[in-house]
Amino acid sequence: MKGFTENQIRRYSRHIVLPQIGGKGQRALLSSKALVVGAGGLGSPVCYYLVAAGVGVVGIADMDQVGLSNLQRQILHSTEDLDKPKVDSAREKLERLNPDVAVLTYQEPVTHDNVMGLIKGYDVVIDCVDNFAARYLLNDACVLTGKPLIEAGVLRFDGLAMTIIPGEGPCYRCIFPKPPTGSDAPSCAEAGILGATAGILGTIQAAEAIKVLLGVGRTLSGRLLAVDVLAMTFTELESGQDAGCPVCGEEPLIQEILGENYDLADCDTVD
Amino acid sequence: MHQRVAGRGKGCHMVAGPGKTETTVLDLRGEVCPYAFVKTRLTLEDMEQGSILKVIVDYRPASASVPKNIRTMGDTVVSVTRLPGPAWEIIIKRTG
């Protein structure tokens with residue numbers, strides 16, 4: 001029972017009895033570090049489950065304040081948190097949930113200037129952003145540093161999820177070489193979203209992150225999972241690495257993070 | 001050799017006789033399910049293959065659930081013996 005307090009034995013008992021986790025796995029989680037980028041609809045369940053699971057350090061990056069239209073799906077935040085920085089609102093809830101976890105917050109946008117510094121030191125990155133520029137930026141930064149990235153996006157009743165293990169499976173650019181444009185990429189504000197869609201996909205991301213940290217199970221590396229909540233179907237699309245991928249292909253054009261590769265016009269964010 | 005580990009129940013210590021395999025004793029009297037199993041598993045995880053753990057429980061459901069769950073983890077339940085009290089002595093060989 002080395003390394004566990006009596007309270008920890010009780011708090012994590014439902015993990016410890018799982019053959020795939022046990023005490024060793026729980027100790028691994030307690031010494032792991034995960035970075036969640038975005039504390040919104042996806043980030044809320046991700047943060048809750050990682051902190052509840054006892055991931056030792058959970059970093060949260062988000063520049064926004066809590067708005068009224070967030071509360072329909074961003075379950076980390078409450079009515080009393082309106083206008084508060086999302087990272088502060090998140091930290092308050094998460095520290096109450098599990099004092100074993102260090103919650104580190106970064107109230108800043110993810111940019112080409114800071115992305116490498118943000119992800120440094122973390123074992124896994126979870127992409128919960130709402131724009132394509134940040135999505136490509138995180139993909140490239142994680143591929144260049146060999147860091148696992150748990151990816152998901154949601155709109156209306158639909159969601160996509162994949163796990164990117166650099167060198168083992170395709171990256172985001174292998175599957176989506178270019179961001180969609182114009183009417184192909186409406187925001188949640190324009191097109192709407194069922195709050196529970198974000199909850200389902202965020203929960204999938206949390207499970208993937210924990211599996212990656214523990215090295216158990218089969219992740220969504222090489223598989224794109226498409227979820228249709230209206231029909232309640234889960235469809236898998238298998239995909240390999242693209243040899244011509246500009247970041248993880250055989251002759252990559254992107255070998256460092258440069259601002260011109262991430263067009264902010266593609267990433268208008270709305271609450 | 002004698003070692004105690006803090007915790008609910010009466011704790012954990014190791015005993016060994018000359019020429020005998022070292023046995024770890026885990027006294028879980030006062031502990032209930034699922035924590036009797038949780039603590040048994042945590043103790044087993046730190047033990048070498050082939051070593052022996054003697055667990056004592058006084059919670060009747062644990063006398064059945066601990067052996068059942070230990071078997072699913074791949075360790076070997078050597079015996080379950082009822083003691084006065086009542087209590088139960090569960091002998092486990094680390095094989096998982």
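Laid out as a table, the results:
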| quantity | calculated |
| --- | --- |
| Residues satisfying the stated conditions in the range A:31-49, i.e. small (G, A, S), in contact with a helix residue (DSSP H, G or I) (Cβ under 6 Å, 6 or more places away or on another chain) and surrounded by fewer than 24 Cβ atoms within 10 Å (Cβ to Cβ) | A:S32 |
| Residues that are among the hydroxyl-bearing types (S, T, Y) and within 22 Å of A:Q26 (Cα to Cα), drawn from the range B:40-64 | B:T40, B:T43 |
| Cβ-Cβ under 7 Å pairs, at least 6 apart or on other chains, the range A:94-122 side under 18 Å from A:G54 (Cα atoms), far side basic (K, R) and not in a loop (DSSP other than H, G, I, E, B) | A:V103/A:R91; A:T105/A:R91; A:G121/A:K33; A:Y122/A:K33 |
| Test: A:V143 is modelled with pLDDT of 95 or more, more than 30 Å from A:H15 (Cα to Cα), of a type outside the set (D, E, K, R) and in contact with a strand residue (DSSP E or B) (Cβ under 8 Å, 6 or more places away or on another chain) | yes |
| Residue among A:V55, A:V36 that alone is of a type outside the set (D, E), within 30 Å of A:F132 (Cβ to Cβ), in a loop (DSSP other than H, G, I, E, B) and more than 14 Å from every other protein chain (Cβ to nearest Cβ) | A:V55 |
| Looking only at the range A:167-185, and only at residues there that are among the charged types (D, E, K, R) and at pLDDT below 95, the one that is surrounded by the fewest Cβ atoms within 10 Å (Cβ to Cβ) | A:D184 |
| Residue list for the range A:209-254, filter: over 11 Å from A:P170 (Cα atoms) and among the acidic types (D, E) | A:D228, A:E236, A:E250, A:E251 |
| Pair list, Cβ < 8 Å and 6+ apart or interchain, from the range A:71-89 residues that are in contact (Cβ under 8 Å) with a residue 24 or more places away in the chain to residues that are of a type in the set (S, T, Y) and assigned to a loop (DSSP other than H, G, I, E, B) | A:S89/A:S78 |
| Residue check for B:R94: crowded, with 19+ Cβ neighbours inside 10 Å, within 14 Å of chain A (Cβ to nearest Cβ), within 10 Å of the chain's Cα centre (by Cα) and in contact (Cβ under 8 Å) with a residue 12 or more places away in the chain | no |
| Total residues in the range B:38-67, condition more than 12 Å from chain A (Cβ to nearest Cβ), assigned to a helix (DSSP H, G or I) and more than 15 Å from B:D27 (Cβ to Cβ) | 4 |
| Test: residue in the range A:73-81 that is of a type in the set (G, A, S) and part of a helix (DSSP H, G or I) | no |
| Enumeration of residues in the range A:5-30 that are more than 7 Å from chain B (Cβ to nearest Cβ) and buried (at least 17 other Cβ atoms within 10 Å of the Cβ) | A:Q8, A:R11, A:Y12, A:H15, A:I21, A:G25, A:Q26, A:R27, A:A28, A:L29, A:L30 |
| Hey, A:L149 closer than 26 Å to A:K211 by Cα, aliphatic (A, V, I, L, M), touching a strand residue (DSSP E or B) at 6+ places or on another chain (Cβ under 7 Å) and surrounded by 22 or more Cβ atoms within 10 Å (Cβ to Cβ) or not | yes |
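Rundown of residues vs (1) under 30 Å from A:G22 (Cα atoms); (2) in a loop (DSSP other than H, G, I, E, B), yes/no style:
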site	(1), (2)
A:P170	no, yes
A:P177	no, yes
A:A209	yes, no
A:R218	yes, yes
A:G240	no, yes
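The values are calculated or read from the model by the stated rules, or taken from the named source; none is laboratory data. Quick caveat: nothing in here was measured; it's all calculated off a predicted structure. Note that each Cβ is placed from the backbone with ideal geometry, even for glycine, and that neighbours are counted across all protein chains shown.
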